Amino acid sequence: MLTLLWIWYRGNRYLSQKGKFRFFREIIINLFFVYILSVTYLTMEPFYFTNEFAKKGAISFDTNLFYNLTHMADGYLMYQLLYSLGNILLFLPLGIFVPYLFRHVRHVLLIVLIGFFSSLTIELTQTFFTPTRLGTVDDLFFNTLGAMMGFIGFTMVRFSYYKAIQFARKNRNA
């Protein structure tokens, strides 16, 4: 359903721009949409939502940094590393897509805030509305770190790209 609405929206947007279609940017926008859908699926699945407020003592949020991580798979360091890496990789694209699509947020502090509040939204939704998920401060930390690392990667690629263009122009004019 969301995909059909998205296609309708992007089609109307294209028609209203009267020929100002930028193919590469449109691909990036659609990849960002797929990314948002994927993150929603991965963080909210199995989609059994309930009102956890109604259940006495049902709401729990792990506020001890790295406690859940170190105790979730005692003795299985590989699972703990995969959990951490998975949370970082989950938000890495956010740090790439957002500054590419929205030039006014090309600052590391803004990306950290966007990553943090996006992750906080997910964690609070898991805490208050899903009975099978647990919100943790570990996820906030690793997701925010992932967004920041994505932005750093974006900045490095962008800097290298512009330096390569300057180098090519300089050699062409010489």
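Computed quantities for the displayed model
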| item | result |
| --- | --- |
| Positive minus negative residues near Lys20 (Lys, Arg vs Asp, Glu; Cβ under 13 Å) | +3 |
| Amide proton proximity set for Gly135, modelled H, under 5 Å, gap of 5+ | Asp62, Thr127 |
| 0 to 90° range, to nearest 10: angle between helix 23-44 axis and the chain longest Cα axis | 0 degrees |
| Calculated [θ] (222 nm, deg cm²/dmol) that DSSP helices of n ≥ 4 give over the chain, each run adding -39,500 (n - 2.57) | -25500 deg cm²/dmol |
| Per residue convex hull volume, Cα atoms of the chain, in Å³ | 162 Å³ |
| Net charge of Cβ neighbours under 13 Å - reference Arg10; Lys, Arg +1; Asp, Glu -1 | +2 |
| Summed residue charge, Cβ within 15 Å of Ser84's Cβ, Lys/Arg positive, Asp/Glu negative | -3 |
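Just so you know, all these numbers are worked out from the coordinates, no wet-lab data involved. Values in this document were obtained by computation on a predicted structure and should not be read as measured data. Counting neighbours? That spans all protein chains shown, and the Cβs are built from the backbone with ideal geometry, glycine included.
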